[in-house]
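Let me begin by presenting the structure, written as structure tokens, before commenting on it.
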Amino acid sequence: MVTPYGIKIAVHLITTHFGNLVAKVCECLFSHGPLRLDQLVRYTELTKEQVKNSLLVLIQHNCVQAFVSGPQDDDDEAGKLRVRTQYLVLFDNILHRLRFPKFLDIVSRKFTNECVEILDGLLRDGRLTLKQMVDRASQGKEDAVAANVVRESLCKLLTARYVERCPAAEPVVSTVFKEETSTRKRGSKAAKIFEAPQTIEQRVLEAAVRGEAIRFSFTADMGRKADGEANSDDIQMTCIGENAAKEEEILWRANFEEFIRHLRHKVLIENVRTKHDDGTATVLSAILEATITKEKKVKMENSVPLSLDTIITEVMKTETGRTMTIDRIRASLDHDRLGCSQKMIIDDAYSIDLKKIIERARNEEVDSIVLKRYGTSAHRMFRLLSKDDNCFQDTDQIASKTLVDKKEVPKLLYKLWQDNYLHMEKVLVPGPKLSSNILMWKVNKALLWEHVLDEMYHAALNLSLRMAFEHEKDEEVLNVPKDKLQEPLLKRYKRLRNVWLLLGSSMMKLDDALMLFHDF
């Protein structure tokens, strides 16, 4: 679910990058959900050509995904044959535009400048073919860059999964949510854990994504069984210059999912390093590195299980790991450190509780916000209630446990409740003559984290608006070449540079917190 200020910051980013017309179409999709072209024309009151061009821009930059809704149960024959192309706005991909510098930094640390230039082109232009990448790499150079050089760099990014083929243009997706009507037998064996139904966005993205065999490679040679049928298990991947004409037609884009996975792993490792020590962080890093290709999604609650022997082997590959004994590695896997749950899968296999590490990091972030905004006394009460977020406590209990002045406790609790940091309920207590109300307090972490996330979107929006204001105010200075700047323009330029550095670093730190609550 996207919060109100989340929508505002997304629309602001689209306005800044692509203009008001494209932003109007984007905002309409946020307000009404997936829409057809004729519906967008009606809601936005723009011309058909304007809406179509805006959609093409959004699709080119991976901010909108088109899909064809499947036939409805009550459709007649003509209705079943009618093509219903709808357009779905992708909030996460819009927000990732804040993280492009981080994505480039990740690639620059691992690969050559040629790979960085390819990624930079994909982030700037959205989707590119191999021919367009070659043309872009050759711009401003006397000699044209060879296609084989660009292809080799692209292969490296594909192997690391930082680049992928673009998803299907218009996958067919059923928009009907059918309820399960089959009766289940009683008993623990028949019982199943409730899972929330997939949203339309999840269905569309799942249907659009290509198979692993094609997604991260130039070509996919489909083998065949003896009877002539296609054999999907015998897919052989090649990355050579065959079928050059076909290769040049393939559209590529940056794989945001892999970048977010990398950033999540970094946060997990650094959080463990701060909480424990370098040795424990090394063990976690080795486990995550060994299982990264086996992770089915970004928000893995537990790491992929590994045997102790495999973990030791992976840890010993690192420089720090070679100084660690087996007992120290085993101690790092202890429940009090990495929170491993031991599962029996042929041999003893260890799985790290990643969800617990992320939740701890979120709690620390919220604690720091409460401390800075409301003071030490309020922070002490908030910490008490957040330790056990399933239990209510009354005002007197909180006062006695935190040793805060009884006169101040109700005021601080009310302030926290007013700002949506606490949940409060009134309990009617019957008395001999008159009944009285007792106020009970607790922390609802799910609602609190959503509220904090919305506040962060609000702060990001304010920072973006301030940066735009500073840019517009001193646009005259930016139009003058640096070597020709004289007083007082030089003084204004230095001020603008310092302001931009401050606002930019603040935005990067705020985005780290945004990812912690939304993407991780």
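The values are calculated or read from the model by the stated rules, or taken from the named source; none is laboratory data. Just so we're clear, the structure is a prediction, and the values are computed from it rather than from any experiment. Reconstructed Cβ throughout: ideal geometry from the backbone, glycine too, with neighbour counts over all protein chains shown. Calculation scope for accessible area: heavy atoms of the full protein, side chains included, ligands and nucleic acids excluded. Shrake-Rupley method; radii C 1.70, N 1.55, O 1.52, S 1.80 Å.
Before moving on, here are some points about what is shown:
- Given (1) in a helix (DSSP H, G or I); (2) acidic (D, E); (3) open to solvent by 90 Å² or more (accessible area, probe 1.4 Å), index of the condition E470 fails: (3)
Condition check ((1) closer than 18 Å to F67 by Cβ; (2) open to solvent by less than 70 Å² (accessible area, probe 1.4 Å); (3) assigned by TED's automatic domain parsing to the domain that holds M467; (4) at pLDDT below 95) across all residues:
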{"residue": "A10", "(1), (2), (3), (4)": "no, yes, no, no"}
{"residue": "L13", "(1), (2), (3), (4)": "no, yes, no, no"}
{"residue": "V22", "(1), (2), (3), (4)": "no, yes, no, no"}
{"residue": "G33", "(1), (2), (3), (4)": "yes, yes, no, yes"}
{"residue": "D38", "(1), (2), (3), (4)": "yes, no, no, yes"}
{"residue": "V51", "(1), (2), (3), (4)": "yes, yes, no, no"}
{"residue": "S54", "(1), (2), (3), (4)": "yes, yes, no, no"}
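Table: residues versus (1) out of contact with any His (no Cβ under 8 Å at 6 or more places or on another chain); (2) farther than 20 Å from K356 by Cα; (3) surrounded by 14 or more Cβ atoms within 10 Å (Cβ to Cβ).
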residue: V298; (1), (2), (3): yes, no, yes
residue: I312; (1), (2), (3): yes, yes, yes
residue: K317; (1), (2), (3): yes, yes, no
residue: I326; (1), (2), (3): yes, yes, no
residue: R330; (1), (2), (3): yes, no, yes
residue: D334; (1), (2), (3): yes, no, no
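- Any hit, region 414-427, residues being at pLDDT below 95 and within 30 Å of H265 (Cα to Cα): yes
- Region 366-376, residues that are in a helix (DSSP H, G or I) and surrounded by fewer than 16 Cβ atoms within 10 Å (Cβ to Cβ): D367, S368, L371, K372, R373, T376
- For V25, the criteria (1) more than 20 Å from L461 (Cα to Cα); (2) in contact with a Ser or Thr (Cβ under 7 Å, 6 or more places away or on another chain) hold in every case but one, which is (1).
- Within region 114-132, the set of residues being in contact (Cβ under 8 Å) with a residue 24 or more places away in the chain and either under 16 Å from E249 (Cβ atoms) or under 21 Å from the mean Cα position of the chain (by Cα) (or both) comprises L119, L122, L123, D125, G126, R127, L128, T129, L130, K131.
- Some residue of region 476-489 being open to solvent by less than 30 Å² (accessible area, probe 1.4 Å) and not in a helix (DSSP H, G or I): yes
- Check on E314, of a type outside the set (A, V, I, L, M, F, W, C), without any contact (Cβ under 8 Å) to a residue 60 or more places away in the chain, part of a helix (DSSP H, G or I) and touching a strand residue (DSSP E or B) at 6+ places or on another chain (Cβ under 9 Å): yes
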